[in-house]
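Worksheet: one structure, shown below.
The values are calculated or read from the model by the stated rules, or taken from the named source; none is laboratory data. Not measured: the values here are computed from a predicted model. Counting neighbours? That spans all protein chains shown, and the Cβs are built from the backbone with ideal geometry, glycine included. Areas reflect the complete protein model, heavy atoms only, side chains present, ligands, DNA and RNA absent. Shrake-Rupley method; radii C 1.70, N 1.55, O 1.52, S 1.80 Å.
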Amino acid sequence: QVQLVESGGGLVQPGGSRRLSCAASRKIFDTNGMGWYRQAPGKERELVAMHTSGRSTYADSVKGRFTISRNYAGNTVYLQMNSLKPEDTAVYYCNARIALTDYWGKGTLVTVSS
């Protein structure tokens, strides 16, 4: 079992930046995916970014603006979000995929508004 706890959400103005963090209750090896999904009001949950085996993948909508990273200890994943837009408003969920099992955090709300 793995517990994931997100932090860093809040209100940010359009064009601003925000950094989300997700702390895992234990080390997650790099060969296991850790990433971020988001769910906007009235929409389905979607993949934002994923980091696996040293490689990162991004949704087209965030490429060039968001950056995912993991710490050396292997228990924290970050999402640096720049040039935020109102359409980035959503609950952001941390995800870890271990042995074909998905683990989820409870989410952190990011609101982009002036």
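Note on Lys85: lysines with a C-alpha under 25 Å away, same-chain residues under 8 apart excluded, are Lys43, Lys63, Lys106.
Can you send over the carbon and sulfur percentage of the accessible area for the chain, probe radius 1.4 Å, protein chains only? Carbon with sulfur: 50 percent of the solvent-accessible area. Each residue of region 15-27 is assigned a 3J(HN,Hα), and the resulting list reads x, x, 10, 8, 10, 9, 10, 9, 9, 9, 6, 8, 5 Hz, derived from the Karplus form 6.51 cos²θ - 1.76 cosθ + 1.60 (θ = phi - 60°), x at Gly and Pro. Annotation: amide H of Ile98 within the under-5 Å range of Tyr103, sequence separation 5 or more or interchain, hydrogens built in the peptide plane. Annotation note: chymotrypsin sites (Phe, Trp or Tyr not before Pro) in region 1-60 located in DSSP loop regions with a Cβ neighbour count of at most 12 within 10 Å are Phe29. Protection proxy ranking of 42-54, 65-77, by the mean of other Cβ atoms within 10 Å over each peptide's residues and highest first, is 65-77, 42-54. Per residue, region 1-65 exposes 58 Å² of solvent-accessible protein surface, assessed with a 1.4 angstrom probe and all protein chains in place.
Once both labels are positioned 7 Å from their Cα atoms along Cα-to-Cβ, the gap between Ser114 and Glu46 label points is 2.3 nm.
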